[in-house]
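Q: Please read through the structure below; I'll follow up with questions.
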Amino acid sequence: MDDYRELGVPPERVYLQSFDLEDLRYWRRYAPEYAKNAVWLDGRYKERGFDPAHPERLKPSMAALAAEGLRFLSPPLWVLLALDEDGRIVPSAYAGAARAAGLELIPWTLERSGPLTGGGGWYYRSVRPAIRSDGDVYRVLDVLVNQIGVYAIFSDWPATVTFFDACGRR
């Protein structure tokens, strides 16, 4: 943060990010003006028993994260997506709980998996049966943007999200 201050970078233009929640807590304590946009890269998916269908089991809870001042939560893409009983891509319970707590979501990473014809790999694991072609990335974007209301998306190929922003946002 010292470098940002010395260079005169306005705090509202800085989005610090970390997988370690303690980093964000430190920033809030010692550089609160820069911590306002801090992004917690949520690694709880690695915990035993993690299930995005049951966000009420998460520690800390979505409400606790919001209460301590977290504004931006960034899970892997698959955590925000689920399939309904008809096999359609829909928001996960995790996504609903985060938004209900007032948290802004920034999933990662849209095109990290390469071509989607093989099911999309790790980043699309929660919706793999619904992923059949490369064009399905736009169905995923529709759910993320128009149903969940994500704040932003980490993307390896910004042309995809730029095209969607121009043509697919409702």
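Q: Percent antiparallel among DSSP beta bridges with both residues in the chain, to the nearest 5?
A: Details: 3 of 11 bridges.
Percent antiparallel among DSSP bridges in the chain is about 25.
Q: Mind listing P(r) for the range 1-76? All alpha-carbon pairs, 10 Å bins, whole percents.
A: 18, 47, 24, 9, 1
Q: If you don't mind, there's one more thing I want to ask. Let me check against my output: what whole-number percent is the relative contact order of the chain, with C-alpha pairs under 8 Å and at least 6 apart?
A: Values: 262 pairs, mean separation 28.4, N = 170.
Computed value for the chain: 17 percent relative contact order.
Q: Arranged from highest to lowest average of other beta-carbon atoms within 10 Å per residue, in what order do the peptides 158-170, 140-152 appear?
A: Values: 158-170: 12.4, 140-152: 18.1.
Highest mean packing first, the order is 140-152, 158-170.
Q: Under 5 Å between amide hydrogens, which residues at least 5 positions from residue 39 or on another chain qualify, with H placed 1.01 Å from N in the peptide plane?
A: 16, 17, 18
Q: Then there is this: Can you list residues from other chains, or at least 5 along the same chain, whose modelled amide H is less than 5 Å from the amide H of residue 81?
A: Distant-sequence amide H within range of residue 81: 92.
Q: Something else: In what sequence, highest mean first, do 16-23, 75-82, 100-107, 30-37 appear when ranked by Cβ atoms within 10 angstrom? List each step's numbers first, then the result.
A: Details: 16-23: 14.4, 75-82: 23.4, 100-107: 18.8, 30-37: 16.4.
Ranking the peptides 16-23, 75-82, 100-107, 30-37 by packing returns 75-82, 100-107, 30-37, 16-23.
Q: Still on this structure, I have one more. Note down the nm distance, to one decimal, between modelled labels 7 Å out along Cα→Cβ at residue 18 and at residue 128.
A: For the pair residue 18/residue 128, the computed spacing is 3.4 nm.
Q: What are the extents of the Cα atoms of the range 42-167 along their three principal axes, listed from largest to smallest and rounded to whole Å?
A: 39, 30, 24
Every number here is computed from the coordinates shown, using simple stated rules; none is lab data. All values derive from a computational prediction rather than experimental measurement. FYI the Cβ positions are ideal-geometry reconstructions off the backbone, even for glycines, and counts take in every protein chain you see.
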